[in-house]
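Bear in mind these aren't lab numbers, they're just calculated from the coordinates by the rules spelled out. These numbers were taken from a predicted model, which means no experiment stands behind them. For neighbour counting, all protein chains shown are included, and Cβ atoms are generated from backbone atoms with ideal geometry for every residue, glycine included.
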Amino acid sequence: MSNPNSITANATVYAASLALMAFIGLPLLWMMISSLKPPTELFVSPPAILPESFTLEWYRAIFTATSAPTFFLNSFIVGALTTIVCLVIGVLAAYSVTRFDFPGKNLFLFAALITYMFPAIVLFVPIYMTLAFLGLTDTYLGLVICHSILTFPFAVWMLRSFFAGIPREIDEAAWVDGSSYFSTFVKIILPLSLPGIFSVGIFVFVQSWNEFLFASIIMSAAPMKTIPVGISEFITSFDIRWGEIMAMGTLATVPVVILFMFAQRYVLRGVLSGAVKG
């Protein structure tokens, strides 16, 4: 016979999960539906969930009358480069702090943690002044550096948990057999930690894809703007172009949702591995 307490607990968990899904999913669903509504139905009262007729007018407008394709290309380039930089540096740093003792190791981890605790706005002025001095404003490299600074502490601490979960005896056995440190890392440790690296890479990419503060200042030239900055241009002193905002928001959200749907198994495995073994 089923335990009444167990049934109640399961029902509570499912109800909380459904409520959380509705809280997150309904605004996204409303945004997607609104992007398909004609202008006359965007602000009808009372609001209708489904429009009487669907239209692709807003999507046609953003692709023909705006620089939306450029915004998407810029965001993808910056996100991909930031992910590569963070993973390469973060993987090497995380492996080093879990396998070797060197002066300043604890200070390095503490500094990475403290840096991640500061709001981005606190770091903005010194980072911007440095980039301006180096002539890296309105460049992919400048924004990639900014996003790498913001995401590296998260990446290194998460990756540290994954590497710490791999027994050190595996490395030592490979070293005894004559394998070098680098060969052991590339051929043995790296394949074992791929789920964790993959999940961290997705989170870094999404953070870069959605970042607005640094992108809005560093990339001020029109051809270099990213998606969040491009969406903000539809809000002016005289008008808010809700149709274009909904269409751009949908196009910016759908690729991320699809990415998580295809990669959710690896993301979940990596996150749980880091959470349990860290």
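Structure notes:
- Here, segment 59-277 has an Rg and a Dmax of 20.0, 72 Å when only alpha carbons are counted.
- Fully extending the segment from Asn10 to Phe212 would add 68.8 nm, taking 0.36 nm per residue of separation and subtracting the current Cα-Cα distance.
- Crossing angle, helix 140-164 versus the chain [Cα axis fit, 0-90 degrees, rounded to tens]: 50
- Extended-chain gain in nm, criterion 0.36 nm per residue less alpha-carbon gap, Thr40 and Ile24: 3.1 nm
- Residues in segment 113-124 carry Karplus couplings, in order, of 5, 5, 4, 5, 7, 7, x, 4, 5, 5, 8, 5 Hz; the curve used is 6.51 cos²θ - 1.76 cosθ + 1.60 with θ = phi - 60°, and Gly or Pro positions show x.
- Computed on segment 59-277, with alpha-carbon pairs under 8 angstrom and 6+ residues apart, the relative contact order is 35 percent.
- 0 to 90° range, to nearest 10: angle between helix 194-210 axis and the chain longest Cα axis: 40
- Residue order for Met224, Met117, fewest other beta carbons within 10 angstrom first, comes to Met117, Met224.
- Nearest 10 degrees, 0 to 90: helix 4-34 Cα axis against the chain principal axis: 50
- Placing unit charges on the Cβ atoms of the charged side chains and taking the dipole of segment 59-277 about its Cα centre, the candidate lying farthest along the positive direction among Tyr140, Ile114, Ile189 is Ile189.
- Calculated FRET efficiency, Leu192 to Ala222, Cβ-Cβ distance, R0 = 30 Å: about 0.10 to the nearest 0.05.
- Computed per residue of the chain from DSSP H runs no shorter than four, each worth -39500 (n - 2.57), the mean residue ellipticity at 222 nm is -24500 deg cm²/dmol.
- Residue-by-residue Karplus 3J(HN,Hα) for segment 175-191, coefficients 6.51, -1.76, 1.60, Hz, glycine and proline x: 5, 5, 6, x, 6, 6, 4, 5, 5, 4, 5, 6, 8, 10, 6, 4, x
- 3J(HN,Hα) couplings calculated from phi for segment 104-112 with the Karplus curve 6.51 cos²θ - 1.76 cosθ + 1.60 (θ = phi - 60°) are, in sequence order, x, 4, 5, 5, 4, 5, 5, 5, 5 Hz; Gly and Pro show x.
- Mean-square fluctuations from a GNM of the chain, with a 10 angstrom spring cutoff on Cα atoms, peak among Ser148, Ser67, Ser35 at Ser67.
- Compared with the direct C-alpha span, the chain from Phe63 to Phe76 gains 3.0 nm at full extension, assuming 0.36 nm per residue.
- A Förster distance of 22 Å, applied to the separation of the beta-carbon atoms of Glu172 and Asp101, puts the FRET efficiency at 0.95.
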